[in-house]
Amino acid sequence: MDEPVALRLSGISKTFMTPAGFLKPAYRTPALKDISIDVRASEILAIVGESGSGKTTLGRIAVGLEKPDSGTVHLGERILVDRSRGIHVPASKRGISMIFQDPTSSLNPRMRVRDIVGEGLRLAGVGRREISERAANALALVGLRTEDLERYPHQFSGGQRQRIGIARAIVMEPAVLVADEPVSSLDVSVQMQVLNLILDIRDKLKLTVLFVTHNIAVVEYLCDRMVVLSRGEIVERGSTHAVIQAPQHAYTQRLLQAVPRL
Amino acid sequence: MTGDPDIILEARNLSLFLRQDGAELKVVDDVSFRVARGEFFALIGESGSGKTTIAKAVMRLLPTGKLRIAGSLSVTGIDVARAPEQAMRKLRGQAMSMIFQEPMTSLNPIMTVAAQIDEALQTHQSLSSAARHARIMQLLSDVRFDKPEQVSAQYPHELSGGMRQRVMIAIALANDPLLLIADEPTTALDVTIQQEVLEILVRLQGKYRLSVFFISHDLALVNRYANRIGVLYGGVLMETGSTADVIGRPAHPYTEALLACMPRLREGTARQAGIEGNVPRVDDWFDGCRFAQRCTHVHPECRSTRIDISAAGPTQSVRCLHPLS
């Protein structure tokens, strides 16, 4: 239960500038307000929210695709972001990987799986033979075959493409995986395969996962703890069981009541 | 023509073929169902199941050169496959109308809400401008706008996604249709907004005895709102019946497997099983059950026998050689 903190976000704030339009002055939209979250080692933590809640922005700040206006990000003891000291470690040097919602648009259609999965390693200066070996291992971990290295994304189904996306993320041996709605575009009958795969690789690799989603049912199945975001603020957090069975905040109650169930 | 005036939509042995460059691709095979007056019927299916093609065929949104309709498909007794275009134009917007997944693409960005509802009214009815105004206000309050006057003067970009979908419903209901076709109308919406929109829809269904033909991929959602369900898989109707029966006592192994892979709160390290494999491709037709390759109850004959749909209970029909009991 008391695993060390793998990823710590403290006092994160972010405001987006909306540019001026016709007869409309530019204005600031606050996206995140003073968000602090600890993700413990090898847990799957859900960031749950509706559109405009700031959940995706938070995930992108953790990965390094977005800079917060203020706040710090720590990976273990290591400082990744400290706005007050001007520190911002680039995404490629963080040891945090990401998987995306749409596996089709996030894989380059003109690249072979070998190059898609190996690209990060190549940019990090890893040799060709080691890349092949590690790419093949990553593919095996996600349930694809070594022969698949030579194929192109269009030759795979949606579920298999998301497996390629996961292989590309774990081949970097990240400490933390950020997943932004990774099963939302998959068919229900395929979705469960990918959820079980995420559980498997978490267990095998002791991976810490920050899981960004609007899908409560997926959170219930997959995530150990959950944080509920609404309009850039945390309204509730706790173990998934506790929050689902006895939501405290009015917003969480409203959200859970709206989810259709079987 | 069907004799029963209470059947608003009926498909009998419906097969649909998409035509392109002289070639034909079968996308739906031998589908039969009925939607009665005032009923909420949901057709659920994964990608490639043919659910959207069926919805488009009902409206005949694709020209006959693009979509060939075999078997029979009738709306209020009128054969959609054979009706002349003029009759179809009368059916659309009057006897039936449709709402789509993304309301923004269906609304005109440079017309006010009032003007768009008015357009629908003027196309099919000859009302005075005062009567049309009253009707527009009535429709906007039907879809739960507190200040219909204010909304009527707004443009689509000034509205949220949920409000846009409510405007679409108002337009769709402008001419008192008997049938509303809804193709994943809430998939792009947040779950709290989805609930709002569907509750408005269900209230209007009751108020006007509207028949709703609802297309969805979400079993949990249709479980909450539909009276009856049809389960499509790979272009074939696997099972139909009352919502309570299909969800509570599925007769087809596919329905059962689909229900089993809806994610639930996990206890300890227990896992839910997914369905191995993938949905069949639309260009891959074979004798035998469409689900046989992924079915855990499969028998050898399932792979080679053509299977008809047959009764499986008071409300249920199933297309399976060995239905679940």
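No value in this document is a laboratory result; all are computed from the given coordinates. Keep in mind that what you see is a predicted model, and the values were worked out from it rather than measured. Glycine also receives a Cβ, built like all others from the backbone with ideal geometry; neighbour counts cover every protein chain displayed.
Which distance in Å, rounded to a whole number, links the C-alpha centroids of the stretch A:102-116 and the stretch A:14-76?
Using only Cα atoms, the two centres lie 27 Å from each other.
Which residues in the stretch B:171-197 place their backbone N less than 17 Å from a point set 7 Å from the Cα of B:Tyr208 along the Cα-to-Cβ direction?
B:171-183, B:185, B:197
Which lysines have a Cα less than 18 Å from the Cα of B:Lys90, not counting those fewer than 8 places away in the same chain?
B:Lys56
Count, for each residue of A:176-188, the Cβ atoms from other chains sitting within 10 Å of its Cβ, then give me the mean as a whole number. Present the calculation step by step, with values, prior to reporting the outcome.
Details: counts 0, 0, 0, 0, 0, 0, 0, 1, 0, 1, 2, 11, 14.
Average neighbour count from other chains, rounded to a whole number: 2.
Any chance you could give the angle, 0 to 90 degrees and rounded to 10, that helix A:128-141 forms with the longest Cα principal axis of chain A?
With both axes taken from Cα atoms, the answer is about 60 degrees.
Within 10 Å, count the other beta carbons around each residue, average over each peptide in B:157-167, B:76-86, and list them highest first. If you can, show how the numbers build up before the last one.
On the way: B:157-167: 20.1, B:76-86: 14.1.
Highest to lowest by the protection proxy: B:157-167, B:76-86.
Which ³J(HN,Hα) values in Hz, rounded to whole numbers, follow from the phi angles of the stretch B:99-115 under the Karplus curve 6.51 cos²θ - 1.76 cosθ + 1.60, where θ = phi - 60° and Gly and Pro get x?
Rounded to whole hertz, the list is 10, 10, 5, 10, x, 4, 7, 9, 8, 7, x, 10, 10, 5, 4, 4, 5.
Take chain A, connect every pair of alpha-carbon atoms lying under 10 Å apart with a spring to form a Gaussian network, then pick out the residue of A:Gly11, A:Gly159, A:Gly125 with the largest mean-square fluctuation.
Looking only at A:Gly11, A:Gly159, A:Gly125, the biggest GNM fluctuation is shown by A:Gly125.
Roughly speaking, what is the stretch gain from B:Arg12 to B:Met104, that is 0.36 nm per residue apart minus the C-alpha to C-alpha distance, in nm to one decimal? Display every interim value, and only then the final one.
Details: separation 92, 0.36 × 92 = 33.12 nm, distance 3.39 nm.
Here the segment from B:Arg12 to B:Met104 would lengthen by 29.7 nm.
Working only with C-alpha atoms, what are the Rg and Dmax values of the protein assembly as shown, expressed in angstrom?
When restricted to the Cα atoms of the protein assembly as shown, Rg and Dmax are 25.9, 79 Å.
List every residue whose amide H lies under 5 Å from the amide H of B:Ser310, counting only residues 5 or more places away in sequence or on a different chain, with H placed 1.01 Å from N in the peptide plane.
HN-HN under 5 Å from B:Ser310: B:Val318, B:Arg319, B:Cys320.
Peptide B:271-278: average number of partner chain Cβ atoms within 10 Å per residue? Please report the intermediate quantities before stating the final value.
Values: counts 6, 4, 3, 11, 7, 3, 5, 9.
Per-residue shielding by partner chains comes out at 6.
Hey, what did the stretch A:54-180 get for relative contact order, percent, Cα under 8 Å, at least 6 apart?
Values: 172 pairs, mean separation 40.0, N = 127.
Relative contact order for the stretch A:54-180 comes out at 31 percent.
What FRET efficiency do you get for A:Arg151 and A:Arg122 if R0 is 25 Å and r is their Cβ-Cβ distance, rounded to the nearest 0.05?
Numbers: r = 19 Å, r/R0 = 0.75.
It comes out at approximately 0.85.
How tilted is helix A:158-170 with respect to the longest principal axis of chain A? Cα atoms for both, answer in degrees (0 to 90, nearest 10).
Roughly 90 degrees between the two axes.
In degrees from 0 to 90, rounded to the nearest 10, what is the angle of the helix B:191-208 Cα long axis to the longest principal axis of chain B?
Helix B:191-208 sits roughly 80 degrees off the main axis of chain B.
Compare the Cα positions of B:Gly235, B:Ile117, B:Ala273 along the charge dipole of the protein assembly as shown (+1 at Cβ of Lys, Arg; -1 at Cβ of Asp, Glu; about the Cα centre) and return the one farthest towards the positive end.
Of B:Gly235, B:Ile117, B:Ala273, it is B:Ile117.
Place the peptides B:301-312, A:55-66 in order of packing, highest mean first, counting for every residue the other Cβ atoms within 10 Å and averaging per peptide.
On the way: B:301-312: 14.3, A:55-66: 21.8.
Ranked by mean Cβ neighbours within 10 Å, highest first: A:55-66, B:301-312.
Assuming R0 = 45 Å, can you tell me the calculated FRET efficiency for the pair A:Asn108 and A:Thr18, based on Cβ-Cβ distance, to the nearest 0.05? It would help to have the intermediate numbers written out before the result.
Details: r = 32 Å, r/R0 = 0.70.
The pair A:Asn108/A:Thr18 has a calculated efficiency of 0.90.
Given R₀ = 56 Å, what would the calculated FRET efficiency be for B:Met88 paired with A:Ile79, taking r from the Cβ atoms and rounding to 0.05? Walk me through the intermediate numbers first.
On the way: r = 66 Å, r/R0 = 1.19.
Computed FRET efficiency for B:Met88 and A:Ile79: 0.25.
With each run of n ≥ 4 DSSP H residues scored as -39500 (n - 2.57), what mean residue ellipticity at 222 nm is computed for chain B after dividing by its residue count and rounding to the nearest 500 deg cm²/dmol?
Counting only the DSSP helices, I get -9000 deg cm²/dmol.
Under 17 Å between alpha carbons, and skipping anything fewer than 8 positions from A:Lys93 in its own chain: which lysines qualify?
A:Lys67
Once you put a point 7 Å from the Cα of B:Ala23 and another 7 Å from the Cα of B:His124, both along the Cβ direction, what distance in nm separates them?
In this crude label model, B:Ala23 to B:His124 measures out at 3.9 nm.
Using the alpha carbon gyration tensor of the stretch B:163-295, what are the three equivalent-ellipsoid semi-axes (square root of 5 times each eigenvalue), largest first, in whole Å?
On the way: eigenvalues 186, 73, 40 Å².
Ellipsoid semi-axes (Å, largest first): 30, 19, 14.
Express the C-alpha Rg of the stretch A:103-173 as a ratio against the empirical globular expectation 2.2 N^0.38 Å, rounded to two decimals. If you can, show how the numbers build up before the last one.
Numbers: Rg = 10.7 Å, N = 71, 2.2 N^0.38 = 11.1 Å.
So the stretch A:103-173 has a normalised radius of gyration of 0.96.
Please compute the average number of Cβ atoms from other chains found within 10 Å of each residue's Cβ in peptide B:256-263.
On the way: counts 0, 3, 3, 2, 2, 10, 7, 13.
So the per-residue partner count for this stretch is 5.
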